[in-house]
Number of protein chains: 2
Amino acid sequence: MTIMFEVLKQTGKARRGRLTLPHGVVETPVFMPIATKGAVKTLSSQDMEKLGSQIILSNTYHLLLRPGFAGMKKLGGLHHFMNWQKPILTDSGGYQVFSLSKMNKTKEEGVVFQSHIDGARIELTPESSIETQLAIGSDIMMQFDDVAAGGADRERHEAAMERSLRWAKRCKEAHLENSKFQIPISKMEVGISKSENLNLKNNELPSLSPNPFPFQSNLFGIIQGGTHEDLRERSLKGLNDIGFDGYAIGGLSVGEPRAEAYRIVEMLADKMPADKPRYFMGGGMPEEIVHYVRNGVDMFDCVLPTRNARHGTLFVWNADPDKWNPIEGEENSDFYEQMHITNEKFAFDESPIDPFCDCETCKTVSKAYLRHLFQVGEILALRLATIHNVRFYIRMMERIRECL
Amino acid sequence: MTIMFEVLKQTGKARRGRLTLPHGVVETPVFMPIATKGAVKTLSSQDMEKLGSQIILSNTYHLLLRPGFAGMKKLGGLHHFMNWQKPILTDSGGYQVFSLSKMNKTKEEGVVFQSHIDGARIELTPESSIETQLAIGSDIMMQFDDVAAGGADRERHEAAMERSLRWAKRCKEAHLENSKFQIPISKMEVGISKSENLNLKNNELPSLSPNPFPFQSNLFGIIQGGTHEDLRERSLKGLNDIGFDGYAIGGLSVGEPRAEAYRIVEMLADKMPADKPRYFMGGGMPEEIVHYVRNGVDMFDCVLPTRNARHGTLFVWNADPDKWNPIEGEENSDFYEQMHITNEKFAFDESPIDPFCDCETCKTVSKAYLRHLFQVGEILALRLATIHNVRFYIRMMERIRECL
């Protein structure tokens, strides 16, 4: 077993690192586009590869509903299903259970909820979350956690944090127990063809076989505690005692003032293990990512580039990113702006969306044409905008790494 | 001026031909995918090129609403706007005025209608249809015609056919008058950059400049008359007397029994000028296209491949198309079938959509994955299905040409 995470270089608190995962190497700091239901909205796996994505994030909750746990196993895992051969990180399902499902009930054992699709009763526990993530074939799994709502009081935050710690321990045990028996996560690497491994003609589940890989899947703990520093510290300490392959900061980017999130991340990053990857969950704007990188965070995911794209809001460079130094000097958000492409002023603007961008959209269409596609409701608009925004975030991380 | 249409070879009544147009050469028989509002739904111009499309069809009515006549001129034509350098055929706007607009009123002069988008009052006449198609920069323009509804009686068909003939004459005159003054249809070819040619900083329309091209745009007449053979014959004779660059069969594929359409096409194709391209408008299923080719038709368009794709219905080969001879032997529809990809039976089918297809979809995803994308409502599903269906139709025409 080789090193899973190496810090290659440190500039101030910022780290240039490398994650070695079952499906390949990820250079950090890294941004992970979100393939919610097994696809980054509007894009194919081949598109993601062209855009330079090293790793994608997918949502256990959505995949648990469709194609389902048994379905995912039968299909040989998400890599094979979506024809994506690079690493995948999966969340635990916890967050969506609370935000999307109907009638969820949380007990110490886990959460019982009704599918928002067909009302089916599903139970998600730390153990079943891990088993589902193993069926997906994740390179990095997240612990199942109890998530306090954005405006929750200290008492609720404390209870959620404490329960998340107990669940973290159960996740760790389930992961240890299961990781010696899992579906081969990349059949290509070991030369086992689909048909040899899975009998797809009948409805039997594939038998589990010992994992032949030198790299195991990885399990990350999630630090909770809202904006309460003492709760965050207790959460971190508890997770540390259990021991994880990486540590995530959860429960931020949920509506709190930016300064509050900055305060918690700055406080935490100094105390998080230096030899493990640090992952800020679910945020944020480009300048926030730069800020967190400068404070020692290594991994990011966010719906903003894809969601904003579908609403016609594009991230564009204000100057050549190759001359931008995100690590030195004062922090600011001058390096980019948000362009609302549906604005009337672009109706006859034949220049590219972003002259500094190297994506397919910027190389092939004008602002006027993209605006027209949005105006007339063409689906192509969503794709072209998404391609650009995802490329913006990935290019931003490339530039951050160059400057580290 | 070189030859615009050549019949290279004839097999029975079927013709292997070549159209030489301002934006390039089109090998016939040809299928033209439909870029209704300036994009083939879900696909970019680059996608269309990869799929082997030689020519696309766009709709004057939709472009007249957005970006509008002045807008289209200011944007330098549709080729430049959508970054598509191959030929474009445009319809006249007539059909959509009747099917989509609110409160249309037809007079001898033309049609006054309200935009279905914003209620704006717009007048479309034979002259303004031609001017709009010139602003679009079409390689092939269609005459403006009066379209009788599918179930109309003989009297209405006769009146619509007679009016269409009068309008055909006005279109021909407008085309002759305007074709010496038009926006250069491909700036790339004459090395005039956009900025030299069009002042985009203010709101002035570009001045019209003499057309420097060796190939003029082409104008096709449309044969009307419903399923009445005598009306069709009178229509054809009238158009012949005016003289067009090609002749289209309009007003079929509107719900009539297939045998009726076959009867009209067989009757007409024998009488249409042999030295001009013949275009069957708006149809149809693969076996219908084969039938029309075998009866001497050269050009086709149809919404079926793109529309069916978006509903999860895929055209798939039943056997290797390279071994299929569409020209010899009995006609049948055994060479393909329609696959409803959302069917439960494909949930775990990891085979490609169509093992005989060379498209990106068939090369990269399984039936199970494409079904999943439809099930969970991912936009990517529409794109992947469209890529396949468009490729099916284009491949079909490639094979037809190989066998001629």
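The values are calculated or read from the model by the stated rules, or taken from the named source; none is laboratory data. All values reported here derive from a predicted model rather than from experimental measurement. Every residue, glycine among them, receives a Cβ derived from its backbone with ideal geometry; neighbour counts consider all protein chains shown. Side chains included, ligands, DNA and RNA excluded: accessible areas come from the protein's heavy atoms. Shrake-Rupley method; radii C 1.70, N 1.55, O 1.52, S 1.80 Å.
For B:A248, enumerate residues with amide H under 5 Å from its amide H, sequence gap 5+ or separate chain, H modeled in the peptide plane.
Amide H neighbours of B:A248: B:G221, B:I222, B:I223, B:Y279.
Rounded to whole Å and ordered largest first, report the semi-axes of the equivalent ellipsoid of the range A:31-166 derived from its Cα gyration tensor (root of 5λ).
After scaling each eigenvalue by five and taking roots: 27, 17, 13 Å.
What does the average come to when, for each residue of peptide B:63-73, you count the partner chain Cβ atoms lying within 10 Å of its Cβ?
Across B:63-73, the average partner-chain Cβ count within 10 Å equals 2.
Calculate the mean, over all residues of peptide B:371-383, of how many other protein chain Cβ atoms lie within 10 angstrom of the residue's Cβ.
Mean partner-chain Cβ count within 10 Å for B:371-383: 6.
Where Lys and Arg each count +1 and Asp and Glu each count -1, what net charge lies around A:Y61 among other residues with Cβ under 11 Å from its Cβ?
+1
Report, as an integer, the average count of C-beta atoms from other chains found within 10 Å of each Cβ along B:36-47.
The shielding value for this peptide is 5.
Place +1 on the Cβ of every Lys and Arg and -1 on the Cβ of every Asp and Glu in the protein assembly as shown, take the dipole about the Cα centre, and give the residue among A:L43, A:H372, A:F81 whose Cα lies farthest towards its positive end.
A:H372
P(r) for the range B:232-370: what percent of alpha-carbon pairs falls in each 10 Å bin, starting at zero?
Calculated P(r), rounded to whole percents: 10, 33, 29, 18, 8, 2, 0.
Quick one: check the C-alpha center-to-center distance for the range B:2-78 versus the range A:310-344, whole angstrom.
Between the Cα centres of the range B:2-78 and the range A:310-344 lies a distance of 38 Å.
Ballpark to the nearest 100 Å², how much total accessible area do B and A bury together, probe 1.4 Å? Let's see the in-between values first.
Working: alone 16830 and 16780 Å², together 30140 Å².
The B and A chains share an interface burying roughly 3500 Å².
Pull out the extension gain between B:E27 and B:K323, defined as 0.36 nm times the separation in residues minus the alpha carbon to alpha carbon distance; nm, one decimal.
104.5 nm
Which peptide among A:68-74, A:31-37 comes first, and what is the full order, when sorted by highest mean count of other Cβ atoms within 10 Å?
Values: A:68-74: 19.3, A:31-37: 23.1.
Highest to lowest by the protection proxy: A:31-37, A:68-74.
In the range A:56-149, which GluC sites (Glu not before Pro) fall in coil by DSSP and have 13 or fewer other Cβ atoms within 10 Å? All intermediate terms of the calculation are to be shown ahead of the outcome.
Values: sites: A:E108, A:E109, A:E123, A:E127, A:E131; in loops: A:E108, A:E109.
Sparse-neighbourhood loop GluC sites (Glu not before Pro): A:E108, A:E109.
Suppose every Lys and Arg Cβ carries +1 and every Asp and Glu Cβ carries -1, with no other charges. What dipole size does chain B come out with about its Cα centre, to the nearest 20 debye? Spell out each step's value before the answer.
Values: 48 positive and 53 negative charges, 190 e Å.
Its charge dipole is roughly 920 debye.
For chain A, what relative contact order do you get, as a whole percent, if you take Cα pairs closer than 8 Å and at least 6 residues apart?
That works out to 17 percent.
Can you pull the one-decimal nm distance between simple spin-label points at B:K102 and A:E233, each 7 Å off the Cα toward Cβ?
Spacing of the two 7 Å Cα→Cβ label points: 6.6 nm.
Calculate, axis by axis, the spread of Cα positions in the protein assembly as shown along the three principal axes, and write the results as whole Å, longest axis first.
Principal extents (Cα only, largest first): 92, 62, 43 Å.
Work through the residues other than A:K271 whose Cβ is under 13 Å from its Cβ and net out their charges, Lys, Arg +1 and Asp, Glu -1.
Values: positive: A:K13, A:R232, A:R234, A:K237, A:K276, A:R278; negative: A:E229, A:D230, A:E233, A:E266, A:D270.
Its environment carries a net charge of +1.
Cα centroid distance between the range A:246-288 and the range A:376-404, in Å?
Between the Cα centres of the range A:246-288 and the range A:376-404 lies a distance of 23 Å.
Please give me the summed charge of the neighbours of A:K105: other residues whose Cβ is under 13 Å from its Cβ, Lys and Arg +1, Asp and Glu -1. Show your work: numbers first, answer last.
Details: positive: A:K102, A:K107, A:R121; negative: A:E108, A:E109, A:E123, A:D146.
Within the 13 Å Cβ shell, the charges total -1.
Which loop trypsin sites (Lys or Arg not before Pro) in the range A:75-124, with loop taken from DSSP, have no more than 12 other Cβ atoms within 10 angstrom of their Cβ?
Qualifying residues, ordered by number: A:K107.
Of all the accessible heavy-atom surface of the range A:264-404, with the other protein chains kept in place and a 1.4 Å probe, what percent is carbon and sulfur?
That fraction is 43 percent.
Given a 1.4 angstrom probe, what's the average accessible area per residue across the range B:258-398, in square angstrom?
35 Å²
Restricting to DSSP loop positions (anything but H, G, I, E, B) with no more than 14 other Cβ atoms inside 10 Å of their own Cβ, which GluC sites (Glu not before Pro) remain in the range B:306-363? Please list the in-between numbers first.
On the way: sites: B:E328, B:E330, B:E331, B:E337, B:E344, B:E350, B:E360; in loops: B:E328, B:E330, B:E331, B:E350.
Taking the range B:306-363 and a limit of 14 other Cβ atoms within 10 Å, the loop GluC sites (Glu not before Pro) found are B:E328, B:E330, B:E331.
Compute the semi-axes of the equivalent ellipsoid of the range B:307-391, taking the square root of 5 times each eigenvalue of the Cα gyration tensor, and list them largest first in whole Å.
They are 24, 12, 12 Å, listed largest first.
Ignoring ligands, DNA and RNA, please state the percent of accessible area on the range B:1-80 from carbon and sulfur, probe 1.4 Å.
C and S fraction of accessible area: 54 percent.
Return P(r) of the range B:1-40 (all Cα-Cα pairs; 5 Å bins starting at 0; whole %; ordered from short to long distances).
Once binned at 5 Å, the Cα pair distances of the range B:1-40 give 6, 19, 21, 20, 16, 10, 6, 1.
Looking at chain B, which Cys residues are left with no other cysteine's beta carbon under 4.7 Å from theirs?
B:C171, B:C302, B:C359, B:C403
How much accessible area per residue does the range A:1-128 have, in Å², with a 1.4 Å probe? Kindly include the intermediate steps, with their values, before the conclusion.
Numbers: 4480 Å² over 128 residues.
So the range A:1-128 comes to 35 Å² accessible per residue, rounded to a whole number.
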